[in-house]
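> Dropping a structure here in structure tokens format, bear with me for questions.
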Amino acid sequence: MRRYRPQRFRVFVALLVLITAFLVLLGRVVYLQIVQHDKYLELADNNRIDIRILPPQRGQIFDRNGVLLAGQKPSYQLVVKKELADQLDSDLERLKTLGLIDNNDIQYFSKIQKRYKKFHPIPVKTGLDEHQAYRFASISHQFKGFDLEASEVRYYPFKASGVHFLGYVGRINDQDLKTIDPQRYQGTRVIGKNGVEKYYESQLHGQPGFQKVETNVQGRTIRILEQTPPINGQDVTLTIDIRLQHLGEELLKGERGSIVLMDNETGDILAFVSQPTFDPNLFVNGISGKDYQQLLKDPNKPFLNRALRGQYPPGSTFKPFVALAGLEQNYLNPTKKFFAGPYFQLPNSTHKYRDWKKQGHGWVDLNKSMAQSCDVYFYDLATRMGITKIHDFIQPFGFGQTTGIDLLGEKKGLLPSREWKKAVKNQPWYRGETVITGIGQGYTLATPLQLAASTAALANSGFKVKPRINLQSPSQGEQLTVKNHHNWKKVVESMVAVVHSPTGTARKLAKGLDYKMAGKSGTAQVFGIKQGEEYDAENLKKRLRDHALFTAFAPAEKPEVTVAVIVENGESGSGVAGPIAKAMIEKYFELKP
Amino acid sequence: MLSVPFNLRIDRTLLILLMMMAGASLVVLYSASNQDLAVVIKQATRFSVAFIMMLAIAQISPHTYKRWAPLMYVGGLILLILVLILGTTGKGAQRWINIGGFQFQPSEIMKLALPLMVAWWLSLNENALRFKHWSIAFVLVAVATLLIAKQPDLGTSILIAASGLFVLYFAGLSWKVIGAGIATVAASLPALWMVMHDYQKQRVLTFLNPESDPLGSGYHIIQSKIAIGSGGIEGKGWLAGTQSQLNFLPEQHTDFIFSVISEEFGLFGVIALLSLYFAILLRGLWITLNTQMFFARCVAGSITLTFFTYIFVNIGMVSGLLPVVGVPLPLISYGGTSMLTLMAGFGILMGIYNHQQRQDRQNHV
């Protein structure tokens, strides 16, 4: 075969070019497959492997008898895979016409959609209930790329009932993110914001699991590679008896006030009422700005947890403690007669500290003065003791400090002393301030919870039990110093006289009781209007009325249950707060197994 | 060994290499189509038709093509113009023409008609080629290329231009002109940019920085590089490529099938494929080297180097060396038209080989 010279060189050059080109290609593949192999292998795995978080189911909350107070209910979320939806815009319009979504949802969707990876479902609407989900499901074939995802949301079957101890869950916000382990909250949208939901958050929340799955480009799971199941949150059983809670809420309906009902032996809070209240379900899927503003601006302050954070002058409900202080420190002979005139005056002073009873009570002993809530008797006692003796004796009961209940945000109240006044107001203590401290006025402040807990300690002959809201948390108590049991009995006796003696301020309550109830009425003066709240003229009058208070426990000989009641601007402790206290105690015994 | 009917003239070496190629294509296609046997059967059918057509063409003497070259070229031009006027549009480009309910791409005819035409034109004065002959040859190339680029189809116009220019190269175009030509092309790239369509510009931009648009136009090339790179030396195994089996790789059974091979068979598979291609190219160059007839030699060289251009552009593009221009991996990618053209080209190559063999035998005698 002859070779033709002209093309020999050209073919040779072509061959050289060809070899060079093939080496370039090979070099490129070697670079990708050997040098950068690890990088691309990882990218390939990132493509196909999806870590799916399996959020734990939040623990439920029950009352002491197993009644569900906070549970989980199914909720549906409408999602869309944009790449599969060929008529996204018109589909969204149709969903709007069907009333399943609104303009806000469409706006929000167009805002967030860019954040999602290809073929990942993008939420269009969250928080659809079963009815709405069913409506969509029946026509879902008309919406290509759209899908329903099932999840669970918190719900509170009794709505506004018990919100002040239950609290509520809400969407995790930036502030929450600072305090939580984000690892534990992957796949979880809500967190306890308040009350038991917040205090027992870590117990209720649980631990998320995960699933390592292989997916195709459409995000469909091909197989599960690895799986760790979630650890569901633990249930919490409360000390609350929802029946007592409901009664308390009913009794205070339309009022502003609080009731705390507590078991004397265990510290169990059986009812924890604060009125007015609000529906925690509003917060689960994010409360609307309008609803929130409305609640926030409500002059009756539904957000205020009055039982835990409402601080009121205890008024005459403070008298039993002053009496006990006098007895234990030998300033008082309970049977010695004392003449109580219409007013009390300090030596070398012309100021008259008036009794609530214009003409005075005349000759009284401890029982009588307690029963009739004689102010002059206690002005005199307090003056003789001096503020330090009062403060030091009463402080161990828990005034001026938190009770330590398992709820967050408890207020301390205030038990004044010389040191406190010096430190806070940089002023000396005046004698006149001691006088009014004797009847629970002046600086003294207490929360309804404090009042219940300290009254229970008094009723228990000095066994002070820490209030608790979680039935599973340990019951803790301490014995206060008792110098003479007889003195404690005397005070209880005097409180029985409030209800059961013919001259007692709350004598009307004795009717129909087949056991002895000890109690003390109180009124607390309202000092002007705070915080520039808006009142109309009609309401103004009522707002200036005294707060009505009543503390009680029963049976007097062996107290089982203590109650503290406060009705803001209720005016009459014995007339308004007293019957509520009695109703709570009666219901307690009625329900007692 | 392959037994051949007595009177059928073929190049056995080339036939065996091409059959290996077809076999490889079917194996890879089964995987790349997500194990869709229908796709494999369809492609096998096409291969059968293509092989029969190739063997038929191989029986035709180069003198016959030479005679028909001008007619084919003119006919091709008319069809291209028709496409521009009444062609159907696919993916923003007009490439197809409907004749009696049968769709085909006139540009495919041009892939063969142009080198034949240029070779015919130059062979008229094969011993005294002057400036005007070369100039007219360039015009022949330019007209065909521009008509296809106008469709627009960048990939095919590159292949067409290359097939014409390769003829000029083997016809003995002066090295000075070649050098000047390469320099001019390099210098006129900015001008090319000006006339490019938006989607073509986008492809170039994406090629320069695929990560700039990872979900949009950069997606193809990123996923392709992931497929190739993650394959490693040994590959993930047949039917076990995650990029391809889970459909992360786009157009995996057509333009991006090289990525599937790389992912599933690794560097070993790539070397095997390149070796097979190289063997075919060597055979083509060997035929070119041994062809006496000027026209046939130019055509043989052009067909061989055009085949090489397919390979280089496709692999270069899926591995991120070149911008994405729709060029299939020859004889492997799924698809009928380009495969038929390629096989017809190999038929011509075989015909040239057979013709030379006969002449050699006559000379011996």
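> Filter segment A:7-35 for residues that are open to solvent by less than 50 Å² (accessible area, probe 1.4 Å) and more than 7 Å from chain B (Cβ to nearest Cβ) and give the result.
Of everything in segment A:7-35, those that are open to solvent by less than 50 Å² (accessible area, probe 1.4 Å) and more than 7 Å from chain B (Cβ to nearest Cβ) turn out to be A:Val13, A:Gly27.
> Looking only at residues that are without any contact (Cβ under 8 Å) to a residue 60 or more places away in the chain and hydroxyl-bearing (Ser, Thr, Tyr) in segment B:31-54, which one is nearest to B:Trp238 (Cα to Cα)?
B:Thr45
> Turning to a different aspect of this structure: I need the full set of residues from segment B:284-313 which are at the interface with chain A (Cβ under 10 Å from one of its Cβ atoms) and under 30 Å from B:Asn209 (Cβ atoms), in order please.
Within segment B:284-313, B:Phe308, B:Thr309, B:Ile311, B:Phe312 qualify.
> Return the residues of segment B:157-185 that are outside any helix (DSSP H, G or I) and exposed (fewer than 14 other Cβ atoms within 10 Å of the Cβ); say none if nothing qualifies. Reasoning before the result, please.
In the first step, residues of segment B:157-185 are kept if they are outside any helix (DSSP H, G or I); the result is B:172-174.
Once the filter is applied, which keeps residues that are outside any helix (DSSP H, G or I) and exposed (fewer than 14 other Cβ atoms within 10 Å of the Cβ), segment B:157-185 yields only B:Ser174.
> Scan (1) within 29 Å of A:Val190 (Cα to Cα); (2) not assigned by TED's automatic domain parsing to the domain that holds A:Arg220; (3) not β-branched (Val, Ile, Thr) for the single condition A:Tyr76 breaks and write down its number.
So A:Tyr76 meets the others, but not (2).
> If you take the residues of segment A:530-559 that are in contact with a Phe, Trp or Tyr (Cβ under 7 Å, 6 or more places away or on another chain) and modelled with pLDDT under 90, which of them is least open to solvent (accessible area, probe 1.4 Å)?
A:Ala554
> Moving on to the next point. Can you name the residue in segment B:136-167 that is more than 18 Å from the chain's Cα centre (by Cα) and closer than 24 Å to A:Phe9 by Cβ and, of all such residues, is farthest from the other protein chains (Cβ to nearest Cβ)?
Ranking the candidates gives B:Phe138 first.
> When B:Asn127 is evaluated against the numbered criteria (1) surrounded by fewer than 14 Cβ atoms within 10 Å (Cβ to Cβ); (2) touching a residue at least 60 places away in the same chain (Cβ under 8 Å), which criterion, by number, is the only one it fails?
(2)
> I've got another one for you. In segment A:344-380, what residues are under 12 Å from A:Ile436 (Cα atoms) and of a type outside the set (Lys, Arg)? Please lay out each step first, then the result.
Our first condition is that a residue be under 12 Å from A:Ile436 (Cα atoms); within segment A:344-380, this holds for A:344-346, A:352-355, A:375-380.
Hits for segment A:344-380 are A:Phe344, A:Gln345, A:Leu346, A:Tyr353, A:Asp355, A:Asp375, A:Val376, A:Tyr377, A:Phe378, A:Tyr379, A:Asp380.
> Counting residues that are closer than 23 Å to A:Gly575 by Cα, which helices (runs of 4 or more DSSP H) fully inside segment A:307-416 reach at least 2?
Numbers: elements: A:319-328, A:366-371, A:375-385, A:387-394.
Output list reads A:319-328, A:366-371, A:375-385.
> Looking at segment B:230-249, which of its residues are more than 9 Å from chain A (Cβ to nearest Cβ) and assigned to a helix (DSSP H, G or I)?
Answer for segment B:230-249, where residues must be more than 9 Å from chain A (Cβ to nearest Cβ) and assigned to a helix (DSSP H, G or I): just B:Ser244.
> Right, next: Can you find even one residue in segment B:195-207 that is under 30 Å from B:Leu124 (Cα atoms) and within 14 Å of chain A (Cβ to nearest Cβ)?
From segment B:195-207, those under 30 Å from B:Leu124 (Cα atoms) are none; that's our starting set.
No, there is no match, as no residue in segment B:195-207 is under 30 Å from B:Leu124 (Cα atoms) and within 14 Å of chain A (Cβ to nearest Cβ).
> While we're looking at this one, here's another question. Before we move on, is A:Thr388 of a type in the set (Val, Ile, Thr) and crowded, with 21+ Cβ neighbours inside 10 Å?
Values: of a type in the set (Val, Ile, Thr): yes; crowded, with 21+ Cβ neighbours inside 10 Å: no.
Here the answer is no, as A:Thr388 does not meet what is asked.
> Looking at (1) modelled with pLDDT of 85 or more; (2) farther than 25 Å from A:His131 by Cβ; (3) open to solvent by 70 Å² or more (accessible area, probe 1.4 Å), which is the only condition A:Glu83 fails?
(1)
> Same structure, new question: Confirm whether A:Asp38 is acidic (Asp, Glu) and within 14 Å of chain B (Cβ to nearest Cβ).
Working: acidic (Asp, Glu): yes; within 14 Å of chain B (Cβ to nearest Cβ): yes.
Yes, satisfied.
> Could you check segment A:233-305 for helices (runs of 4 or more DSSP H) lying wholly inside it with 1 or more residues that are over 16 Å from the mean Cα position of the chain (by Cα), of a type in the set (Ser, Thr, Tyr) and over 25 Å from A:Gly575 (Cα atoms)?
Numbers: elements: A:242-251, A:281-284, A:289-297.
By residue number, A:289-297.
> Can you pull out the residues in segment A:561-593 that are open to solvent by less than 50 Å² (accessible area, probe 1.4 Å), closer than 24 Å to A:Ser461 by Cβ and either hydrophobic (A, V, I, L, M, F, W, C) or touching an Asp or Glu at 6+ places or on another chain (Cβ under 9 Å) (or both)?
A:Val561, A:Thr562, A:Val563, A:Ala564, A:Val565, A:Ala581, A:Met584, A:Ile585, A:Tyr588, A:Phe589, listed by residue number.
> Has segment A:417-438 got at least one residue that is surrounded by 17 or more Cβ atoms within 10 Å (Cβ to Cβ) and either at positive phi or not assigned by TED's automatic domain parsing to the domain that holds A:Lys319 (or both)?
Let us first name the residues in segment A:417-438 that are surrounded by 17 or more Cβ atoms within 10 Å (Cβ to Cβ), namely A:417, A:421, A:429, A:433-438.
From what is left, the residues that are either at positive phi or not assigned by TED's automatic domain parsing to the domain that holds A:Lys319 (or both) are none.
No, every residue in segment A:417-438 fails to be surrounded by 17 or more Cβ atoms within 10 Å (Cβ to Cβ) and either at positive phi or not assigned by TED's automatic domain parsing to the domain that holds A:Lys319 (or both).
> Could you figure out which of (1) more than 9 Å from chain A (Cβ to nearest Cβ); (2) open to solvent by less than 20 Å² (accessible area, probe 1.4 Å); (3) among the hydrophobic types (A, V, I, L, M, F, W, C) isn't true of B:Leu267?
Failed condition: (1).
> Out of everything in segment B:314-341 that is of a type in the set (A, V, I, L, M, F, W, C), touching a residue at least 60 places away in the same chain (Cβ under 8 Å) and within 24 Å of B:Leu15 (Cα to Cα), what residue ends up being nearest to the other protein chains (Cβ to nearest Cβ)? Steps first, answer last, please.
Just the residues of segment B:314-341 that are of a type in the set (A, V, I, L, M, F, W, C), to begin with: B:315, B:317-318, B:321-322, B:324-325, B:327, B:329, B:331-332, B:339-340.
Within this subset, residues satisfying the condition of being touching a residue at least 60 places away in the same chain (Cβ under 8 Å) are B:317-318, B:322, B:324-325, B:327, B:329, B:331-332, B:339-340.
The next check asks that each one be within 24 Å of B:Leu15 (Cα to Cα); those that pass are B:327, B:329, B:331-332, B:339-340.
Details: B:Val327: 14, B:Leu329: 12, B:Leu331: 16, B:Ile332: 14, B:Met339: 21, B:Leu340: 24 Å.
Per the stated criteria, the residue is B:Leu329.
> Give me the helices (runs of 4 or more DSSP H) completely within segment A:33-136, filtered to those with at least 3 residues that are within 23 Å of A:Asn285 (Cβ to Cβ) and not aromatic (Phe, Trp, Tyr), ordered by residue number.
Values: elements: A:37-48, A:88-97, A:103-112.
The helices (runs of 4 or more DSSP H) meeting that bar are A:88-97, A:103-112.
> Name the residues in segment B:144-155 that are open to solvent by 10 Å² or more (accessible area, probe 1.4 Å) and assigned to a helix (DSSP H, G or I), would you?
At the first step, the residues of segment B:144-155 found to be open to solvent by 10 Å² or more (accessible area, probe 1.4 Å) are B:145-147, B:149-150, B:154.
Once the filter is applied, which keeps residues that are open to solvent by 10 Å² or more (accessible area, probe 1.4 Å) and assigned to a helix (DSSP H, G or I), segment B:144-155 yields B:Thr145, B:Leu146, B:Leu147, B:Ala149, B:Leu154.
> If you scan segment B:275-302, which residues turn out to be free of Cβ contacts under 8 Å to residues at least 24 places away in the same chain and open to solvent by less than 10 Å² (accessible area, probe 1.4 Å)?
B:Leu285
Matching residues to (1) touching a strand residue (DSSP E or B) at 6+ places or on another chain (Cβ under 8 Å); (2) over 25 Å from A:Tyr134 (Cβ atoms):
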site	(1), (2)
A:Leu177	no, yes
A:Arg189	yes, no
A:Lys193	yes, yes
A:Val196	yes, yes
A:Ser202	no, yes
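> Return yes when A:Lys73 is surrounded by fewer than 19 Cβ atoms within 10 Å (Cβ to Cβ), within 14 Å of another protein chain (Cβ to nearest Cβ), more than 30 Å from B:Lys236 (Cα to Cα) and in contact (Cβ under 8 Å) with a residue 12 or more places away in the chain and no when it is not. Don't jump to the end; show me each part of the working.
Values: surrounded by fewer than 19 Cβ atoms within 10 Å (Cβ to Cβ): yes; within 14 Å of another protein chain (Cβ to nearest Cβ): no; more than 30 Å from B:Lys236 (Cα to Cα): yes; in contact (Cβ under 8 Å) with a residue 12 or more places away in the chain: yes.
Criteria not met by A:Lys73.
> Inside segment A:560-576, can you point out the residues that are among the aliphatic types (A, V, I, L, M) and modelled with pLDDT of 90 or more?
Going residue by residue through segment A:560-576, those that are among the aliphatic types (A, V, I, L, M) are A:561, A:563-567, A:576.
Hits for segment A:560-576 are A:Val561, A:Val563, A:Ala564, A:Val565, A:Ile566, A:Val567.
> For the condition buried (at least 24 other Cβ atoms within 10 Å of the Cβ), modelled with pLDDT of 90 or more, aliphatic (A, V, I, L, M) and more than 24 Å from A:Lys466 (Cβ to Cβ), what is the one hit in A:Ala323, A:Ala307, A:Ala271? Walk me through how you get there before you give the answer.
Working: A:Ala307 fails: more than 24 Å from A:Lys466 (Cβ to Cβ); A:Ala271 fails: more than 24 Å from A:Lys466 (Cβ to Cβ).
None of the others qualify; the one that does is A:Ala323.
> Do we have A:Gln203 as of a type outside the set (A, V, I, L, M) and either open to solvent by less than 30 Å² (accessible area, probe 1.4 Å) or modelled with pLDDT of 85 or more (or both) here? Walk me through how you get there before you give the answer.
Details: of a type outside the set (A, V, I, L, M): yes; either open to solvent by less than 30 Å² (accessible area, probe 1.4 Å) or modelled with pLDDT of 85 or more (or both): yes.
Yes; evaluated as a whole, the condition is true for this residue.
The values are calculated or read from the model by the stated rules, or taken from the named source; none is laboratory data. What you are looking at is a predicted structure, and each value in this text was computed from that prediction instead of being measured. In this analysis, Cβ positions are derived from the backbone assuming ideal geometry, glycine residues included, and neighbour counts consider all displayed protein chains. Just so you know, the surface numbers come from the protein's heavy atoms only, side chains and all, with ligands and any DNA or RNA stripped out. Shrake-Rupley method; radii C 1.70, N 1.55, O 1.52, S 1.80 Å.
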